[in-house]
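Following: one structure in structure tokens, then a few remarks.
The values are calculated or read from the model by the stated rules, or taken from the named source; none is laboratory data. Fair warning: this is a prediction, and the values are worked out from it, not measured in the lab. Neighbour counts are summed over all protein chains in view; Cβ atoms, including those assigned to glycine, are modelled from backbone coordinates with ideal geometry. Ligands, DNA and RNA are stripped out before the accessible areas are found, and what is left, the full protein with its side chains, is counted by its heavy atoms. Shrake-Rupley method; radii C 1.70, N 1.55, O 1.52, S 1.80 Å.
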Amino acid sequence: MNELAIKDLLYKLADDQLILGHRNSEWTGFGPILEEDIAFSSMAQDKIGHSLAFYTLLQELGEADPDTVAFTRNANQFHNSQLVELPNGEYDFSLIRHFLYDNAEIIRFEMLSQSSYEPIAKVATKLKGEVKYHVLHANTWIKNLGSSTEEAILRLQSSLNEALPYALGMFEKSKYEQELVDTGVYAGEEAVKAEWLKRISAVIEKTDLKLPDLATIEPKFGGRYGEHTEHLQPLLDEMAEVFKIDPTAEW
Amino acid sequence: MDLTKEHILTLLEEVKDPEIPVLSLVDLGVITGVEVSEDDHVTVNMTPTFAGCPAMDYMKKDVERTLEKHGIANYTVNMTFDKPWDSNKLSEKGRQHLKEFGLAPPPKYDLILDLDILEHVKCPYCDSENTDLRTPFGPTLCRSMHYCNNCKQMFEQFKPL
């Protein structure tokens with residue numbers, strides 16, 4: 001099995017979760033209601049735990065330890081999609097991003113739980129149970145708010161339109177895509193995207209929101225190959241600020 | 001000393017969940033295997049409840065401390081996802097302890113999570129099922145928050161996973 005292909009897959013899985021975990025943590029103390037403050041903080045903790053599980057698999061393949069990998073790379077070495085690095089914006093944008101992201105994430109984990117690469121299959125089997133709570137949370141709020149007041153519907157629709165090109169960027173193919181599919185490691189981005197579209201459509205149909213025709217939208221690609229928006233580097237600088245004061249400190 | 005799997009499991013009964021001190025790690029279901037080799041090397045395999053649970057590292061160290069306290073110096077404690085945890089792995093004794101602690105135990109379920117199993121959780125104080133889910137996220141990753149319409153109290157549930 002091609003180790004470079006596996007590493008590429010692990011980096012994109014881990015980096016998505018580390019970066020979105022950090023964004024979620026920025027809601028701590030600022031949530032619109034206490035329960036949402038706790039929800040985004042809990043999801044932050046989950047996602048950072050999930051990134052650790054994948055960074056640990058990378059370490060087993062010879063990469064540096066998880067802290068070094070998380071805290072010492074620059075933006076152009078990260079493989080996350082641009083969707084997860086965008087600033088939180090207002091609550092409606094964070095909620096839409098959470099909905100679009102986690103509905104894709106759970107499909108990745110479901111498919112990876114069948115992976116021919118056993119270490120990934122084991123981790124994915126565990127994590128898919130946890131991400132169910134994230135999906136349940138997102139879908140419940142989108143259904144409730146997406147058919148509530150005029151302001152809520154307008155705000156969510158506007159955030160949906162803004163986030164979709166980035167959400168489609170999540171499905172940017174790896175240069176090892178065909179190999180990963182052929183060897184049964186990963187079902188591939190096309191398969192994830194097709195299932196994702198079905199699931200998000202089923203939720204959106206229950207609301208007053210409209211899903212634009214995805215064929216008319218240009219995806220924001222580049223994230224998987226280290227091309228990022230201007231928002232990622234400041235996020236990394238802040239995340240690693242304490243670590244970099246004394247990288248050898250014992251915690 | 002008679003080193004057997006059963007003996008080690010009895011020792012590990014002493015190690016409690018640091019956030020739920022009535023619950024032993026054995027009853028929590030995170031001890032997934034104990035082996036004693038012919039040369040008396042003890043291997044304990046553990047698995048996390050939630051991957052992001054900050055208490056797991058502490059629990060692992062607690063297992064190591066407990067083995068040492070009982071004179072076992074030749075040991076390995078592994079944390080793996082080989083046998084992933086789910087809430088059905090909580091023992092009956094563990095469920096009873098949770099309820100006495102004021103935490104609703106998770107229902108045994110078919111591992112298909114939907115809203116139905118989170119609504120109408122039995123209140124650990126008055127046993128009423130006239131309760132509502134307030135939020136699936138609570139003070140720790142493994143707890144959800146509910147309100148009992150009968151005894152008018154908030155309560156927490158150890159989440160089904």
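Report the accessible area of residue B:40, computed with a 1.4 Å probe over the heavy atoms of all protein chains in place, in Å² rounded to the nearest 10.
Accessible area of residue B:40: about 70 Å².
Please list B:117, A:6 from largest to smallest accessible area, probe radius 1.4 Å, with all protein chains kept in place. Could you put the intermediate results ahead of the total?
Details: B:117 45, A:6 5 Å².
Per-residue accessible area, sorted high to low, gives B:117, A:6.
Rounded, prolate or oblate: which fits segment B:78-118, taking a ≥ b ≥ c as square roots of the Cα gyration tensor eigenvalues, rounded meaning a/c under 1.5, else prolate when a/b beats b/c?
It is oblate, given that a/c is not under 1.5 and a/b is not larger than b/c.
With Rg and the Kirkwood Rh both taken from Cα atoms, where does Rg over Rh land for the protein assembly as shown? Could you put the intermediate results ahead of the total?
Working: Rg = 22.2 Å, Rh = 22.7 Å.
Ratio value, two decimals: 0.98.
Distances longer than 21 Å among the Cα atoms of segment B:5-85: what percent of all pairs is that? Each step should come with its number before you reach the end.
On the way: 635 of 3240 pairs.
For segment B:5-85, the share of Cα pairs beyond 21 Å comes to 20 percent.
Please express the Cα-Cα pair-distance distribution P(r) of segment A:74-221 as a list of whole percents, one per 5 Å bin, running from 0 to the bin with the greatest distance.
With a bin width of 5 Å, the distribution comes to 2, 9, 17, 21, 20, 15, 9, 5, 1, 0.
Using only protein heavy atoms and a 1.4 Å probe, report how much of residue B:141 is accessible, in Å² to the nearest 10.
Its accessible surface works out to 10 Å², give or take rounding.
What are the semi-axes of the equivalent ellipsoid for chain B, taken as the square roots of 5 times the Cα gyration tensor eigenvalues, largest first, in whole Å?
Details: eigenvalues 227, 43, 32 Å².
Calculated on Cα positions only, the semi-axes equal 34, 15, 13 Å.
With a ≥ b ≥ c taken as the square roots of the eigenvalues of the C-alpha gyration tensor of segment A:171-251, please select rounded if a/c is under 1.5 and otherwise prolate if a/b is larger than b/c or oblate if it is not? Numbers along the way, then the final one.
Values: a/c = 2.37, a/b = 1.59, b/c = 1.49.
It comes out prolate by the Cα gyration axes.
May I ask for the distance between the Cα centers of segment A:139-164 and segment A:184-239, given as a whole number of Å?
Taking the Cα centre of segment A:184-239 as reference, the centre of segment A:139-164 is 17 Å away.
In Å², nearest 100, what accessible area do chains A and B bury in total when the solvent probe is 1.4 Å?
Values: alone 11650 and 8500 Å², together 18170 Å².
In total, this chain pair buries about 2000 Å².
Taking R0 as 25 Å, what's the FRET efficiency between residue A:114 and residue A:175 from their Cβ-Cβ distance, rounded to 0.05?
Working: r = 23 Å, r/R0 = 0.91.
The computed FRET efficiency comes out at 0.65.
Tally the DSSP beta bridges in segment B:67-161 and give the antiparallel ones as a percent, rounded to 5.
85
Taking every pair of alpha-carbon atoms in segment B:59-147, what share in percent sits in each 10 Å bin, from 0 to the bin with the longest distance?
Reading upward from the zero bin: 13, 35, 29, 16, 7, 0.
Calculate for chain A the 222 nm mean residue ellipticity that helices alone would give, adding -39,500 (n - 2.57) per DSSP H run of length 4 or more and normalising by residue count, nearest 500 deg cm²/dmol.
Numbers: 11 runs with 166 residues, N = 251.
Calculated mean residue ellipticity at 222 nm is -21500 deg cm²/dmol.
Could you give the length gained on full extension between residue A:65 and residue A:197, defined as 0.36 nm per residue of separation minus the Cα-Cα distance, in nm?
Values: separation 132, 0.36 × 132 = 47.52 nm, distance 3.57 nm.
Answer, rounded to one decimal: 43.9 nm.
Would you mind calculating the gained length between residue A:231 and residue A:35 on full extension (0.36 nm times residue separation, minus the Cα-Cα distance), in nm to one decimal? List each step's numbers first, then the result.
Numbers: separation 196, 0.36 × 196 = 70.56 nm, distance 2.75 nm.
Gain on stretching residue A:231 to residue A:35: 67.8 nm.
Which value, in Å², gives the accessible area per residue of the protein assembly as shown when a 1.4 Å probe is used on the protein heavy atoms? Mind dumping the intermediate values first?
Values: 18170 Å² over 412 residues.
Value for the protein assembly as shown: 44 Å² per residue.
Which of the helices in chain A meet the span-like rule: DSSP H, Cα axial reach of 15 Å or more, Kyte-Doolittle mean at least 1.0? Don't skip to the end; give the middle numbers.
Details: long enough: A:3-25 (32 Å, -0.16); A:34-60 (39 Å, 0.03); A:91-112 (31 Å, 0.18); A:118-145 (40 Å, -0.25); A:150-169 (29 Å, 0.10); A:189-204 (22 Å, 0.13).
Helices meeting the span and hydropathy rule in chain A: none at all.
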